[in-house]
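The structure appears below as structure tokens.
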Amino acid sequence: MRDALRHLLIERELLSAERFAECVQEEIHTGEPLDKIFLQKGYLTEIDMLQAFGETLGLEVIEGLAHAQVPAEFVNQVPVHFARSYNVIAVASETGALRVATCSPYETNALDDLATMLGVEVEPVLAPRVEITNLINHAYKRKADVVDEALDDLDSGDVGLLTADIDVAEDILDVANKAPIIKLVNMILFQALKMRASDVHLQPYEDRLQVRNRIDGILYDMEAIPKRVQDAVISRIKIMGKMDIAERRLPQDGRATIKLGEGDVDVRISSVPTSNGERIVMRLLDMTARVLRMEELGLDAENLTMLRKYVRYTHGIILVTGPTGSGKTTTLYAVLQEINSAEKNCITIEDPIEYHLDSISQIQVNNKKGLTFATGLRSLMRQYPDVMMVGEIRDEETGKIATQAALTGHLVFSTLHTNDAAGAVARMLNFGVEPYLVASSVLVVVAQRLVRMICPECKESFVPTGTDLLELADIGLSVDDLPGGELHRGTGCANCFQTGYVDRTAIYEILPVGEEVKEQVMAHASASAIKRASIDRGCRTLRMDGSRKVRAGETTVQEVLRVTQLDML
């Protein structure tokens with residue numbers, strides 16, 4: 001075999017006879033397989049090496065595994081740590097045999113172990129290491145019933161053992177040889193990430209600890225954990241977050257980083273005491289998530305053009321408003337991404353830092369150390385920034401510093417918690433910021449909400465009748481306004497977990513602070529008066545923007561009504 005390989009490599013001018021002999025000598029002295037030596041020395045690319053070994057050994061070489069379907073029996077019976085350690089993954093199932101991809105032609109022991117483990121014949125094929133790694137991550141992310149499996153093995157165990165295996169960033173897919181409680185917590189987090197949950201709630205009742213996942217803004221009940229292991233589960237989570245497990249009478253906050261395959265997930269943990277035990281909420285922030293572009297936010301052409309005009313100003317305040325979880329920070333990140341350049345000094349102060357942006361300095365608020373939004377913003381002024389993002393204006397001091405920064409030549413982005421755009425102006429006045437400062441510094445106010453989008457896999461059209469017509473009228477539409485006189489909805493399928501919705505998009509209300517609004521601010525006009533006048537000038541409310549998405553078949557009437565309940569004069 002070695003002679004055939006040597007002849008092939010030399011004939012194709014991939015390797016000289018001298019280099020081949022050098023690699024053979026190293027194989028003899030070190031015991032390292034020949035394929036690894038070729039790669040370590042850089043004499044062959046991985047594809048050339050695989051092609052050469054494949055031809056010599058009579059094995060098929062697959063350069064891409066993106067469309068491979070991993071058989072369920074492999075994922076269910078082979079631990080993820082085994083697949084990762086030996087870089088093996090099944091790519092097809094044939095009668096009585098499994099085709100298994102490997103990147104190490106000489107690694108036959110792992111294939112023999114697989115055959116024994118699965119009780120079937122294993123037929124090896126060769127594939128690049130990165131393709132195998134990606135397929136392993138993808139396959140095990142889709143593994144079903146993981147929490148049920150963990151519950152089957154559950155025992156209260158020794159809480160003292162729960163401190164074991166805490167790493168800087170623990171891989172939650174690697175549960176082999178872990179204590180049942182650790183495995184259960186890891187699988188709860190894994191299931192939540194698999195279902196695109198933004199946070200996980202562990203709510204104690206008299207007879208159980210209920211797991212609830214928030215998916216696209218809605219809470220869904222998941223597994224019920226036996227009451228006998230409630231304290232052990234909560235202790236494990238508090239240990240992950242470096243919290244005090246002995247303190248059960250006071251609220252605590254913690255933070256952990258976990259791995260899911262190749263990606264890191266930041267977990268913010270909050271615990272509060274209740275009558276039935278401690279209640280835990282874990283907020284999941286995927287550190288590998290992509291920052292959206294402005295075109296992907298849900299802005300229509302008119303609103304996109306208007307917002308782009310204001311974000312290119314050199315100074316002033318741009319406010320984004322809405323309740324918690326309405327996507328304000330995502331909008332600000334998209335805007336920052338668009339205007340960021342080598343010529344601009346961009347600095348943010350946030351709580352927490354949700355996405356990491358290249359070439360932008362991001363500061364994490366730390367109230368315990370005295371680094372608040374106000375003190376941080378005051379320090380930022382001495383960094384001579386062109387663009388500043390303040391996570392939230394939550395008091396008079398922050399509001400005044402932000403307006404002063406805007407008036408002295410800085411572009412400031414920030415958020416406020418108000419129901420609509422006009423309410424943001426009134427809130428700034430309520431903070432004690434002088435009307436003339438608000439009128440001269442604020443450029444535009446953007447209010448937003450998130451609506452769930454109809455699942456494309458189970459989307460259907462229907463003719464509205466009865467209650468549907470009444471709800472349609474509530475958002476200012478009639479059947480005549482609908483294309484073909486039809487609405488759309490999701491019937492529920494595996495892709496959307498039977499909800500009829502997948503992912504979310506935003507609806508917007510944009511209020512430019514022009515001369516008319518400035519005069520109303522100076523006259524201390526109410527938020528409703530400012531809103532009414534802006535509608536008369538052609539501004540669209542949140543509900544109006546939502547009705548456009550209903551007509552386009554992106555969301556449902558019920559979703560728009562749910563998130564715009566307070567969008568009234």
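What strands (runs of 3 or more DSSP E), lying completely within region 385-484, carry at least 1 residues that are open to solvent by less than 20 Å² (accessible area, probe 1.4 Å) and farther than 30 Å from K344 by Cα?
So the answer is 442-454.
If you scan region 217-255, which residues turn out to be part of a loop (DSSP other than H, G, I, E, B) and either modelled with pLDDT of 90 or more or open to solvent by 40 Å² or more (accessible area, probe 1.4 Å) (or both)?
G241, K242, M243, D244, I245, A246, E247, R248, R249, L250, P251 - these are the residues of region 217-255 that are part of a loop (DSSP other than H, G, I, E, B) and either modelled with pLDDT of 90 or more or open to solvent by 40 Å² or more (accessible area, probe 1.4 Å) (or both).
Give the residues of region 342-357 that are in contact with a helix residue (DSSP H, G or I) (Cβ under 9 Å, 6 or more places away or on another chain) and open to solvent by 20 Å² or more (accessible area, probe 1.4 Å), sorted by residue number.
N345, D351, E354, Y355
State all residues of region 60-69 that are open to solvent by 40 Å² or more (accessible area, probe 1.4 Å) and either in contact with an Asp or Glu (Cβ under 9 Å, 6 or more places away or on another chain) or of a type in the set (D, E, K, R) (or both); if no residue qualifies, say none.
Passing the criteria: E60, E63, G64, A66.
Among what's in region 291-313 and is among the aliphatic types (A, V, I, L, M) and either loosely packed, with under 15 Cβ neighbours inside 10 Å or in a helix (DSSP H, G or I) (or both), pick the residue that is nearest to the chain's Cα centre (by Cα).
M294
Do you know which of the residues in region 70-120 that are more than 25 Å from D48 (Cα to Cα), open to solvent by 60 Å² or more (accessible area, probe 1.4 Å) and assigned to a loop (DSSP other than H, G, I, E, B) is modelled with the highest pLDDT?
The residue in question is G119.
Give just the number: which of (1) touching a residue at least 24 places away in the same chain (Cβ under 8 Å); (2) in a helix (DSSP H, G or I); (3) more than 30 Å from D3 (Cα to Cα) does G54 not satisfy?
Condition not satisfied by G54: (3).
For region 89-110, does any single residue satisfy the condition of being in contact with a Phe, Trp or Tyr (Cβ under 8 Å, 6 or more places away or on another chain) and of a type in the set (D, E)?
Yes.
Sort out which residues of region 493-525 are open to solvent by 60 Å² or more (accessible area, probe 1.4 Å), touching a helix residue (DSSP H, G or I) at 6+ places or on another chain (Cβ under 8 Å) and in a loop (DSSP other than H, G, I, E, B), and write them in order of number.
Answer for region 493-525, where residues must be open to solvent by 60 Å² or more (accessible area, probe 1.4 Å), touching a helix residue (DSSP H, G or I) at 6+ places or on another chain (Cβ under 8 Å) and in a loop (DSSP other than H, G, I, E, B): just H524.
Does region 17-43 hold any residues that are of a type in the set (D, E, K, R) and open to solvent by 60 Å² or more (accessible area, probe 1.4 Å), and which are they?
Filtering region 17-43 for residues of a type in the set (D, E, K, R) gives 18-19, 22, 26-27, 32, 35-36, 41.
Result: E18, R19, E22, E32, K36, K41.
Say whether the condition of being part of a loop (DSSP other than H, G, I, E, B), crowded, with 18+ Cβ neighbours inside 10 Å and either modelled with pLDDT of 95 or more or of a type in the set (D, E) (or both) is met by at least one residue in region 533-554.
Yes, region 533-554 has at least one match.
Just one of (1) over 22 Å from the mean Cα position of the chain (by Cα); (2) touching a residue at least 12 places away in the same chain (Cβ under 8 Å) trips up F497, so point out which.
(1)
The values are calculated or read from the model by the stated rules, or taken from the named source; none is laboratory data. Keep in mind the model is a prediction, meaning the values are calculated, not measured. Please note: Cβ atoms are built from the backbone with ideal geometry, for glycine as well, and neighbour counts cover all protein chains shown. What goes into the accessible areas is simple: the full protein's heavy atoms, side chains included, and nothing from ligands, DNA or RNA. Shrake-Rupley method; radii C 1.70, N 1.55, O 1.52, S 1.80 Å.
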